[in-house]
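To start, the structure itself, in structure tokens.
The values are calculated or read from the model by the stated rules, or taken from the named source; none is laboratory data. The shown structure was predicted, so the numbers you read here are calculated from the model rather than taken from an experiment. Positions of Cβ are generated from backbone atoms using ideal geometry, with glycine treated the same way; all protein chains shown enter the neighbour counts.
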Amino acid sequence: MMSSDKEELSTLKVESLTERAKELNCLYRVDNALHNLEKSVDRAMEELLDVLPAGWRFSDICEPEIILGDQIYIRPNLHRTELKISALIKSYGQILGEVRVYYVKPVKLEKGIFLPEEVQMLNAIAAKIGSFVTLQKLKPIDSGEEIDTDEFERFVSMTGSFSGLQKWLKTYGLNMHEASELLRNPLNFRKGETIGKQGAYTSYFILLAKGATKSYIEGTASKSYSFMLTLPFEFIGLSSLFGNNYYFSTVALIPSTVFLIEKEAVIKLMLNNPKFNRCISKWLCDSYKILFHKMACLSLKQTIGRMAEVLLYLSNDVFKNDTIPHFMSRKDLAELSSMSNENAVRILSDFKSEKILKDTPEGLQILNKQLLQTISITG
């Protein structure tokens, strides 16, 4: 390699390392701006406007814009041009706004104006803003302030299941800072996607925030046993808190949003927050109670009794409604009852003939719960 080529390669490496350092420093300053949850959204966004330009290649002509609902945050020097990149700000799959970065003057380059790393950085920043705005709305949990009803309803309409999250945090006695430690890693799953895999190594477990999942034990010859259905806001995989692997698999029944919660963060909270520790212990005891009941059902009941038991479990313990939603397929009911699809379809058909069940547009409706309970006991 000629000397000039070596010098050019060395220059490129230095430039690349310089850009990565700028990006990392920018992300660090973003974290600092969003770390204090007592800070107002307006103040935090104004700080970000001053922080963001430093992370881009041409910082001197870089101007950001942050949009949250009807509120737009800009600096006086902003001149909107076609030289821009943007990322959506989301919470629980709902769009809260957008963060944009512009070059306000022309840039002459043979290749792309924005680096791939800069695109990734902007997506990361958008996710951090989404988490900050979401947790800001949880301030009444430990401040004792009244909730602005109009603002709260507007936010709930954007996030869907937000009110359930707030109730969960109150129940478990979590303050703002503890909540921010737990709820840092949201993930979205499509219907049918695997959320946790039996035997897989894991350093976290799951809090379901939106959707519905089923958990099952995988056996040989493609056989499996579904033992639990989960709705928001419930844990998945908490049994592996002091282990290294998942003991079962979990799949999304409908599009679902989860938080990946680091085990060490939970163990630390259990040591420092007595109410949280008590709630975790109670959740584990309640789960064991359900599993022991299912073991007795499998070993002591015939197929008709097992199906009746599953229908009552879904109605009383899971959905708390006499209608089982249509996303629960006959196959799901068969797996929960530990029987073949053919047997499940036959028993369900008999229940409909005897006016115990009825198909409706919303799902499978229980018409005679008392008779279903009798079948469960005698079956």
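Okay, here's what the table says:
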| item | result |
| --- | --- |
| Failed item in (1) over 21 Å from P186 (Cα atoms); (2) in the same structural domain as K210 (by TED's automatic domain parsing); (3) of a type in the set (K, R); (4) at pLDDT 70 or above, with K167 passing the rest | (1) |
| Residue pairs meeting the criteria (Cβ under 6 Å; at least 6 apart or on separate chains; first within 12 Å of L314 (Cβ to Cβ) and modelled with pLDDT of 90 or more, in region 359-379; second of a type outside the set (A, V, I, L, M, F, W, C) and in a helix (DSSP H, G or I)) | I366/S315 |
| Those residues of region 191-208 which are among the charged types (D, E, K, R) and over 25 Å from V310 (Cα atoms), in sequence order | none |
| Unmet requirement for Y201, which otherwise passes all of (1) within 18 Å of the chain's Cα centre (by Cα); (2) aromatic (F, W, Y); (3) at pLDDT below 85 | (1) |
| Scope region 61-83; condition in contact with a helix residue (DSSP H, G or I) (Cβ under 8 Å, 6 or more places away or on another chain) and either over 23 Å from V41 (Cα atoms) or basic (K, R) (or both); matching residues | R75 |
| Qualifying residue in region 286-302 (condition: at pLDDT 90 or above, assigned to a helix (DSSP H, G or I) and basic (K, R)) | no |
| From S157, S143, S91, S131, residue being of a type outside the set (D, E) and either in contact with a helix residue (DSSP H, G or I) (Cβ under 6 Å, 6 or more places away or on another chain) or modelled with pLDDT of 85 or more (or both) | S91 |
| Single residue of S353, S340, S329 found to be closer than 19 Å to K301 by Cβ and without any contact (Cβ under 8 Å) to a residue 24 or more places away in the chain | S340 |
| Of all residues in region 209-227 being at pLDDT 80 or above and farther than 20 Å from M307 by Cα, the one that is nearest to the chain's Cα centre (by Cα) | A209 |
| Exclusive hit being without any contact (Cβ under 8 Å) to a residue 24 or more places away in the chain, farther than 21 Å from W168 by Cα and charged (D, E, K, R), set K301, K223 | K223 |
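Results for (1) loosely packed, with under 12 Cβ neighbours inside 10 Å; (2) within 18 Å of V119 (Cβ to Cβ); (3) hydrophobic (A, V, I, L, M, F, W, C); (4) not assigned by TED's automatic domain parsing to the domain that holds Y102, shown as yes or no for each residue.
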position	(1), (2), (3), (4)
S16	no, yes, no, no
C26	no, yes, yes, no
R29	no, no, no, no
N36	no, no, no, no
K39	no, no, no, no
E46	no, no, no, no
